[in-house]
Each structure stands twice: as C-alpha cells, then as structure tokens.
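For reference, the structure is listed below as structure tokens.
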Amino acid sequence: MKDANISVCANPQCKQEFKRLGEGKLYVRPAGKNDKGTNQKALWLCPECAEHFDLRYDRRLQEYSLVRRRRVA
Ligand SMILES: [Zn+2]
C-alpha cells in the first residue's frame, strides 16, 4: 500500500486525516498500460470535501484533478 495515498484528504487545502472506510469518497485510479505491476493509486476525499469537490480522472495526464462540484438545487 505504499503507493496508496489515502492517509489524508486529497484536497491539498484540507489534509484531513483518513479515519475509516465508509466516510468520504474513495477513488481508485484505473491501472494504465504504462503502469508497471500493480501501481494503483487510491485517493480519498473527506466527507466535507466530497460535498464540494469531485475528483475527475484525466486520461491524458493519468492523474486525478480536483474539480468543484456544481451546487445541486
Ligand atoms: Zn477534505
């Protein structure tokens, strides 16, 4: 689990510590063709950030980026 980065919230401004599964949102990067072995990366958003942000996977960058969610009326 060295590559997994779910110890803190994926929002750089937040950095809330990951407590347990079932809280917030967990994102697992799909394994790409360039990946050597099992180089899956997991990211976690705390419940507060998950309310305001989403993580969108960019296939070109092969990276997740933080996007602001639209407010649901
Ligand atoms: Zn957060």
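A compact table of results
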{"item": "Inter-site label distance for Cys14 and Arg68 at 7 Å from Cα along Cβ, in nm", "result": "1.5"}
{"item": "Highest to lowest packing among 11-17, 65-71, 21-27, scored as the average C-beta count within 10 Å", "result": "21-27, 11-17, 65-71"}
{"item": "Under 19 Å from Lys41, Cα to Cα: aspartates and glutamates that are on another chain or at least 8 residues apart", "result": "Asp3, Glu17, Glu23, Asp54, Asp58, Glu63"}
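We did not get these values from a lab; they are worked out from the coordinates using the rules stated. Note that the structure is a prediction, hence the values are computed from the model and not measured. Heads up, the Cβs are rebuilt from the backbone with ideal geometry, glycines too, and the neighbour counts pull from every protein chain shown.
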